[in-house]
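The values are calculated or read from the model by the stated rules, or taken from the named source; none is laboratory data. On a predicted model such as this, the values are computed, not experimentally measured, just so you know. All accessible areas refer to the heavy atoms of the entire protein, side chains included, with ligands and DNA or RNA removed. Shrake-Rupley method; radii C 1.70, N 1.55, O 1.52, S 1.80 Å.
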Amino acid sequence: MEQTFAIIKPDAFAAGNSGKILVRIYEEGFKVRGLKKLFLSKAEAEGFYQVHHGKPFFDELTDFMSSGPCLVMVLEAAAGIKKWRDLMGATNPADAADGTLRRQYGSSVGENATHGSDAPETAEFEISYFFSGLELL
Ligand code: IDP
Ligand code: MG
(Lines give C-alpha, C1' and ligand atoms only; values in the text may rest on other atoms or scores of the structure.)
(Ligands and ions follow the chains in the order given, each with its own letter.)
Protein backbone atom coordinates (compact mmCIF):
# COMPACT_ATOMS: atom_id res chain seq x y z
CA MET A 1 0.00 0.00 0.00
CA GLU A 2 1.19 3.49 -0.84
CA GLN A 3 0.01 6.82 0.54
CA THR A 4 -0.44 9.99 -1.46
CA PHE A 5 -1.46 13.52 -0.64
CA ALA A 6 -4.59 15.00 -2.25
CA ILE A 7 -6.51 18.27 -2.15
CA ILE A 8 -10.07 19.08 -3.14
CA LYS A 9 -9.18 22.61 -4.25
CA PRO A 10 -11.13 25.80 -3.44
CA ASP A 11 -13.03 25.79 -6.77
CA ALA A 12 -14.42 22.29 -6.24
CA PHE A 13 -15.09 22.90 -2.55
CA ALA A 14 -16.98 26.17 -3.26
CA ALA A 15 -19.02 24.52 -6.02
CA GLY A 16 -20.24 21.87 -3.58
CA ASN A 17 -18.44 19.02 -5.35
CA SER A 18 -16.52 17.68 -2.33
CA GLY A 19 -19.09 15.00 -1.52
CA LYS A 20 -19.23 13.66 -5.06
CA ILE A 21 -15.43 13.58 -5.28
CA LEU A 22 -15.22 11.72 -1.95
CA VAL A 23 -17.78 9.15 -3.13
CA ARG A 24 -15.60 8.58 -6.20
CA ILE A 25 -12.50 8.22 -4.02
CA TYR A 26 -14.16 5.46 -1.97
CA GLU A 27 -15.69 3.78 -5.04
CA GLU A 28 -12.24 3.58 -6.65
CA GLY A 29 -10.94 1.73 -3.60
CA PHE A 30 -8.88 4.30 -1.75
CA LYS A 31 -8.71 4.36 2.03
CA VAL A 32 -8.98 7.89 3.45
CA ARG A 33 -6.27 7.96 6.14
CA GLY A 34 -6.47 11.70 6.88
CA LEU A 35 -9.00 14.40 6.03
CA LYS A 36 -9.50 17.99 7.14
CA LYS A 37 -10.87 21.31 5.93
CA LEU A 38 -8.40 24.20 5.80
CA PHE A 39 -8.51 27.80 4.58
CA LEU A 40 -4.88 28.36 3.58
CA SER A 41 -3.15 31.68 3.98
CA LYS A 42 -1.15 33.02 1.05
CA ALA A 43 2.08 32.15 2.91
CA GLU A 44 0.89 28.59 3.60
CA ALA A 45 0.01 28.11 -0.08
CA GLU A 46 3.42 29.50 -1.10
CA GLY A 47 5.15 27.06 1.25
CA PHE A 48 3.21 24.12 -0.11
CA TYR A 49 3.96 25.06 -3.74
CA GLN A 50 7.58 26.09 -3.15
CA VAL A 51 8.63 23.75 -6.01
CA HIS A 52 6.82 26.13 -8.39
CA HIS A 53 8.38 29.30 -6.96
CA GLY A 54 9.54 31.54 -9.81
CA LYS A 55 7.19 30.09 -12.41
CA PRO A 56 4.87 32.51 -14.25
CA PHE A 57 1.74 31.02 -12.70
CA PHE A 58 3.04 30.94 -9.09
CA ASP A 59 1.25 34.08 -7.91
CA GLU A 60 -2.05 33.14 -9.60
CA LEU A 61 -1.79 29.61 -8.19
CA THR A 62 -1.12 30.69 -4.61
CA ASP A 63 -3.84 33.38 -4.78
CA PHE A 64 -6.31 30.74 -5.93
CA MET A 65 -5.27 28.19 -3.32
CA SER A 66 -5.73 30.81 -0.58
CA SER A 67 -9.06 32.10 -1.96
CA GLY A 68 -11.31 29.79 0.05
CA PRO A 69 -11.55 26.57 2.03
CA CYS A 70 -10.26 23.28 0.69
CA LEU A 71 -10.11 19.66 1.86
CA VAL A 72 -6.66 18.14 2.37
CA MET A 73 -6.40 14.34 2.46
CA VAL A 74 -4.07 11.41 2.78
CA LEU A 75 -5.25 8.62 0.46
CA GLU A 76 -3.95 5.07 0.47
CA ALA A 77 -4.13 2.32 -2.15
CA ALA A 78 -1.86 -0.04 -4.06
CA ALA A 79 0.33 2.22 -6.23
CA GLY A 80 -1.69 5.06 -4.70
CA ILE A 81 0.34 7.95 -6.15
CA LYS A 82 -0.24 6.91 -9.77
CA LYS A 83 -3.76 5.66 -9.08
CA TRP A 84 -4.77 9.11 -7.77
CA ARG A 85 -2.99 10.97 -10.61
CA ASP A 86 -4.85 8.74 -13.08
CA LEU A 87 -8.20 9.41 -11.41
CA MET A 88 -7.55 13.18 -11.46
CA GLY A 89 -6.53 13.31 -15.12
CA ALA A 90 -4.34 15.84 -16.94
CA THR A 91 -3.51 19.20 -15.33
CA ASN A 92 -5.58 21.06 -17.92
CA PRO A 93 -9.21 19.84 -17.68
CA ALA A 94 -9.53 20.38 -21.44
CA ASP A 95 -6.88 17.68 -21.97
CA ALA A 96 -8.14 15.33 -19.23
CA ALA A 97 -9.78 12.07 -20.27
CA ASP A 98 -13.50 11.51 -19.92
CA GLY A 99 -14.38 10.15 -16.51
CA THR A 100 -11.50 11.87 -14.72
CA LEU A 101 -12.12 14.29 -11.88
CA ARG A 102 -10.48 17.25 -13.56
CA ARG A 103 -12.50 16.69 -16.72
CA GLN A 104 -15.69 16.49 -14.70
CA TYR A 105 -15.11 19.22 -12.10
CA GLY A 106 -12.24 21.43 -13.34
CA SER A 107 -12.83 24.62 -15.28
CA SER A 108 -9.34 25.80 -16.34
CA VAL A 109 -5.67 24.85 -16.08
CA GLY A 110 -5.49 26.85 -12.84
CA GLU A 111 -8.86 25.95 -11.33
CA ASN A 112 -8.65 22.23 -11.87
CA ALA A 113 -10.51 20.86 -8.84
CA THR A 114 -7.89 18.56 -7.33
CA HIS A 115 -4.23 18.18 -6.43
CA GLY A 116 -2.16 15.02 -6.20
CA SER A 117 1.47 14.26 -5.34
CA ASP A 118 3.61 13.29 -8.32
CA ALA A 119 6.29 11.07 -6.70
CA PRO A 120 7.13 9.32 -3.39
CA GLU A 121 9.39 12.19 -2.24
CA THR A 122 6.74 14.85 -2.93
CA ALA A 123 4.06 12.72 -1.25
CA GLU A 124 6.22 12.49 1.87
CA PHE A 125 6.84 16.26 1.95
CA GLU A 126 3.22 17.14 1.22
CA ILE A 127 1.73 14.74 3.80
CA SER A 128 4.07 16.02 6.51
CA TYR A 129 3.36 19.66 5.54
CA PHE A 130 -0.30 19.23 6.47
CA PHE A 131 -0.61 16.25 8.84
CA SER A 132 1.07 15.18 12.05
CA GLY A 133 1.62 11.50 12.77
CA LEU A 134 -1.15 11.60 15.38
CA GLU A 135 -3.68 12.71 12.77
CA LEU A 136 -2.93 9.67 10.62
CA LEU A 137 -3.39 6.91 13.20
P1 IDP B 1 -0.31 19.09 -11.41
O2 IDP B 1 -1.25 19.72 -10.40
O3 IDP B 1 -1.06 18.32 -12.46
O4 IDP B 1 0.79 18.30 -10.77
P5 IDP B 1 1.67 21.18 -11.89
O6 IDP B 1 2.40 21.39 -13.18
O7 IDP B 1 2.42 20.59 -10.74
O8 IDP B 1 0.37 20.30 -12.21
O9 IDP B 1 1.06 22.58 -11.47
C10 IDP B 1 0.53 22.76 -10.18
C11 IDP B 1 -0.76 23.54 -10.29
O12 IDP B 1 -0.48 24.83 -10.78
C13 IDP B 1 -1.78 22.96 -11.29
O14 IDP B 1 -2.59 21.94 -10.75
C15 IDP B 1 -2.60 24.19 -11.61
O16 IDP B 1 -3.57 24.45 -10.59
C17 IDP B 1 -1.56 25.28 -11.58
N18 IDP B 1 -1.03 25.59 -12.91
C19 IDP B 1 -0.17 24.84 -13.65
N20 IDP B 1 0.09 25.41 -14.83
C21 IDP B 1 -0.62 26.58 -14.85
C22 IDP B 1 -0.76 27.63 -15.81
O23 IDP B 1 -0.17 27.61 -16.89
N24 IDP B 1 -1.60 28.65 -15.45
C25 IDP B 1 -2.25 28.70 -14.25
N26 IDP B 1 -2.13 27.73 -13.33
C27 IDP B 1 -1.33 26.68 -13.62
MG1 MG C 1 2.33 18.90 -9.55
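Annotation: amide H-H contacts under 5 Å for residue 118 (H modelled 1.01 Å from N, sequence separation of 5 or more, or interchain): 123. The Cα atoms of the range 62-107 give a gyration tensor whose axes a ≥ b ≥ c have a/c of 1.5 or more with a/b no greater than b/c, which makes the shape oblate. Scalar couplings 3J(HN,Hα) for the range 8-13, obtained by applying the Karplus form with A = 6.51, B = -1.76, C = 1.60 to θ = phi - 60°, are 8, 6, x, 5, 5, 5 Hz; x denotes Gly and Pro. Overall form of the range 53-131: oblate. Here a/c, set by the Cα gyration tensor axes a ≥ b ≥ c, is 1.5 or more, and a/b is not larger than b/c.
The residues of the chain present an accessible area of 51 Å² per residue when probed at 1.4 Å with all protein chains retained.
Per-residue ellipticity at 222 nm computed for the chain from its helices equals -10500 deg cm²/dmol, with DSSP H segments shorter than 4 residues left out and the rest contributing -39,500 (n - 2.57). Across the range 78-92, coupling constants 3J(HN,Hα) worked out from phi with the 6.51/-1.76/1.60 Karplus curve, θ = phi - 60°, read 5, 6, x, 5, 5, 4, 6, 4, 5, 5, 5, x, 4, 3, 8 Hz, and Gly and Pro carry x.
Note on the chain: with neighbouring protein chains present and a 1.4 Å probe, carbon and sulfur make up 54 percent of its accessible heavy-atom surface. Residues whose amide H comes within less than 5 Å of that of residue 34, counting only those at least five positions distant or on another chain, are 74 (H built at 1.01 Å from N in the peptide plane). Once C-alpha pairs closer than 8 Å and six or more residues apart are averaged by separation and normalised to the residue number of the range 1-123, the relative contact order reads 39 percent. Taking θ as phi - 60° and the Karplus parameters 6.51, -1.76 and 1.60, the scalar couplings of the range 53-64 work out to 4, x, 7, x, 9, 4, 5, 4, 5, 6, 4, 4 Hz in sequence order, x denoting glycine and proline.
Does the range 1-94 classify as rounded, prolate or oblate by the C-alpha gyration tensor (a ≥ b ≥ c root eigenvalues; a/c under 1.5 gives rounded; else a/b over b/c gives prolate, otherwise oblate)?
On the way: a/c = 1.76, a/b = 1.51, b/c = 1.16.
Since a/c reaches 1.5 and a/b is larger than b/c, the shape of the range 1-94 is classed as prolate.
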